[in-house]
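Single-structure report; data block below.
The values are calculated or read from the model by the stated rules, or taken from the named source; none is laboratory data. Not measured: the values here are computed from a predicted model. Neighbour counts are summed over all protein chains in view; Cβ atoms, including those assigned to glycine, are modelled from backbone coordinates with ideal geometry. Heavy atoms of the whole protein, side chains included, go into the accessibility calculation; ligands, DNA and RNA do not. Shrake-Rupley method; radii C 1.70, N 1.55, O 1.52, S 1.80 Å.
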Amino acid sequence: MRARKVVISKAGGYERLQVEDLNQPSPGPGEVVVATEAIGVNYADCVIRMGLYASAKEYVGWPITPGFEFAGTVVSTDPGVTDLAPGTRVFGVSRFGGYSTHVVVPRHQVFALPSGLTMEQAAGFPTVFLTAYYALFELAHPRPGASVLVHSAAGGVG
């Protein structure tokens, strides 16, 4: 399978998205290579494309491949990764680079795909779920019996 990725060379509209070949990636220490079957598309990806996402500029710069979440099958692992074998169906999170046919991430950012989720469902789960979880349990700290108001629930996080 030919490895490819979506690349944005400079800020702009959707027409800036270009598909380019990707050198077949290899895992580094503690890493996993996943052949993606589905990826999440989030508002943050659009903000990256427009050049307005500060951490994208700080950590990557231009050109950049957007994407924070994916689902697929493990292709290879670093020899030190012993709990995931090639062929394992997984989903995970990345710091950019998710719009690719192959993603390389640290082992702790990849999770076994639950049997009740499709690849598409799993690929759209981590970013919105983790954002909502963090906001509710790490920032709000609700106590038993507390009421929670959820507003602006139209997006994925809502």
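For the reader, a short list of remarks on this structure follows.
- When segment 39-79 is filtered for residues that are among the hydrophobic types (A, V, I, L, M, F, W, C), touching a helix residue (DSSP H, G or I) at 6+ places or on another chain (Cβ under 6 Å) and closer than 15 Å to Gln109 by Cβ, the ones remaining, listed by number, are Ile39, Phe68, Phe70, Ala71.
- Residues satisfying the stated conditions in segment 100-121, i.e. surrounded by 20 or more Cβ atoms within 10 Å (Cβ to Cβ), touching a Phe, Trp or Tyr at 6+ places or on another chain (Cβ under 9 Å) and under 20 Å from Val6 (Cβ atoms): Ser100, Val103, Val105
- Residues located in segment 56-87, provided they are farther than 18 Å from Val6 by Cβ, outside any strand (DSSP E or B) and open to solvent by less than 40 Å² (accessible area, probe 1.4 Å): Asp78, Val81, Leu84
- Single match in Ala38, Ala11 (criterion: modelled with pLDDT under 95, under 26 Å from Val128 (Cβ atoms) and among the aliphatic types (A, V, I, L, M)): Ala11
- In segment 98-142, the qualifying residues are those that are assigned to a loop (DSSP other than H, G, I, E, B) and in contact with a strand residue (DSSP E or B) (Cβ under 6 Å, 6 or more places away or on another chain), and the one that is farthest from Val32 (Cα to Cα) is Tyr99.
- Within segment 143-151, the presence of a residue that is in contact (Cβ under 8 Å) with a residue 12 or more places away in the chain, aliphatic (A, V, I, L, M) and either open to solvent by less than 50 Å² (accessible area, probe 1.4 Å) or within 24 Å of Asp45 (Cα to Cα) (or both) is excluded.
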